[in-house]
Amino acid sequence: MTLFICLYPARFSPAFASTAIELFSNPGDIVLDPYMGGGTTIVEAMVAGRRAIGADLNSLFKFLIKVKPYINNIC
């Protein structure tokens, strides 16, 4: 599901993030990603029906995760 707008070093693959979220949480749970980077875990959590909280020190990636779900809906 994740759209690759900008590559981020050491990111999870969407398949890995999705599988981990499905195995270790339930719909409606909160998924926390304290180092969200490119936002793969956040997007996959939302797709899986979880609420997501993410943080990152890099301001570029904090901006990208805000627009990423909207870009996925129009592409």
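Structure above, values below:
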quantity: Contour minus Cα-Cα distance for Ile53 and Ser25 (0.36 nm per residue); calculated: 8.7 nm
quantity: Per-residue ³J(HN,Hα) for the range 33-50, Karplus 6.51 cos²θ - 1.76 cosθ + 1.60, θ = phi - 60°, Hz, x for Gly and Pro; calculated: 10, x, 10, 5, x, x, x, 4, 5, 5, 5, 5, 5, 5, 4, 7, x, 9
quantity: Least to most buried among Ser25, Ser13, Ser59 (fewest other Cβ within 10 Å first); calculated: Ser59, Ser13, Ser25
quantity: Ala52 long-range amide H proximity, modeled H, under 5 Å; calculated: Val31
quantity: Estimated vicinal HN-Hα couplings, Hz - the range 15-31 in sequence order (Karplus 6.51, -1.76, 1.60; Gly, Pro = x); calculated: 5, 5, 4, 4, 5, 4, 5, 5, 6, 10, 8, 10, x, x, 5, 9, 10
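Laboratory data are not the source of any read-out in this text; all were calculated from the coordinates shown. Remember, it's a predicted structure, so these values are computed and weren't measured experimentally. Please note: Cβ atoms are built from the backbone with ideal geometry, for glycine as well, and neighbour counts cover all protein chains shown.
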